[in-house]
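Taken together, the values in this text are just the output of simple stated rules run on the coordinates, not laboratory data. Everything numeric in this text was worked out from a predicted model, so none of it was measured. For neighbour counting, all protein chains shown are included, and Cβ atoms are generated from backbone atoms with ideal geometry for every residue, glycine included.
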Amino acid sequence: MTNTAPHAPTRVASAVTLMLGAMAILPIMDSAAKHLGMFMPVAMCVWARFFFQSAFVAPVVIRQYGPGILWPKDASFQISRSLCLVCANGAFFLGLRYLPLADMLALFFISPILVTALSPFVLGEKVDAKRWLAVLGGFAGVLVIIRPGFAELNAGTALGLLSGVLYAVFVLLTRRIRGLPVLVTTLYNALPGAIAVTLAAPLFWQWPTPEQWLLLACIGVISVCAHYMLILSFERAPASLLAPFAYSEIISGTIVGYYWFGDMPDSWTFAGAAILIASGVFISWHETRRTESEVLETQ
């Protein structure tokens, strides 16, 4: 008799723990970028994330798959993905100059809603009425956060939304990839962007102090650790099951932002984030139910 529960409870529990761990440390990276952005060009922080991530991951991938893996067959596609991620990161780090970390994260998390909304047009996936209602709920949550006409909009709001849009495009492009090992995909996420930002470095380079070098290296180390934890989590449980736990980054971002910068989002941001999270969790839950039904029908 076929086992209809392919994901053992212990593996799911470890996957959730790894996801929560990654979401707990990513705001530390963002806060380091916010701090450094007060004293140097934001592009320096973007460079650090992609350069150090590539430097740490590339040797592992080369040792496992050989140096030829550094040049993919679909090079233009992988370069486009990576540059999209670079721009999303740049918009997010720049937006941190204007908004608290938790506010930026709340705006950034429009990306899962956009992925669902755009998937019928980009990937040809079917989205039923319930998920369209969840999409509309997510957009309503964003409107509560930005309160157009009632709150003063600034560049941070636009940059937060832009980072979410660009990341949604990156996710949609990534979902078209088939057959690549996850570690190789992680390298392709970073390496083209690292090369591009390094080549552009003379336009913005400001020589860091020893303390700033340490923080820049921390940005890269945290990025590598968080992505490795995410890789392990997605190997142990399906993405649709893990997606709701990604929203814990808003909570950890609020805590880190408060202790590092004294920033605390207002009640409207909390309310909008709650609506956005509820919409995202519903979409993920609905996707999990749909996937389980399809598995049962094929057995």
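Key figures for this structure:
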quantity: D (Stokes-Einstein, µm²/s), Kirkwood Cα radius, region 170-285, 0.692 mPa s at 37 °C; calculated: 187 µm²/s
quantity: For region 63-219, the Rg and Dmax computed from alpha carbons only, in angstrom; calculated: 18.2, 56
quantity: Most to least packed among 94-100, 196-202 [average Cβ atoms within 10 Å]; calculated: 94-100, 196-202
quantity: The chain: DSSP helices with Cα axial extent of at least 24 Å and average Kyte-Doolittle hydropathy no lower than 0.0; calculated: 9-36, 42-65, 75-95, 129-146, 155-174, 182-199, 210-236, 267-297
quantity: Whole-number D in µm² s⁻¹ for the chain, Kirkwood Cα-pair radius fed into Stokes-Einstein, 37 °C, 0.692 mPa s; calculated: 164 µm²/s
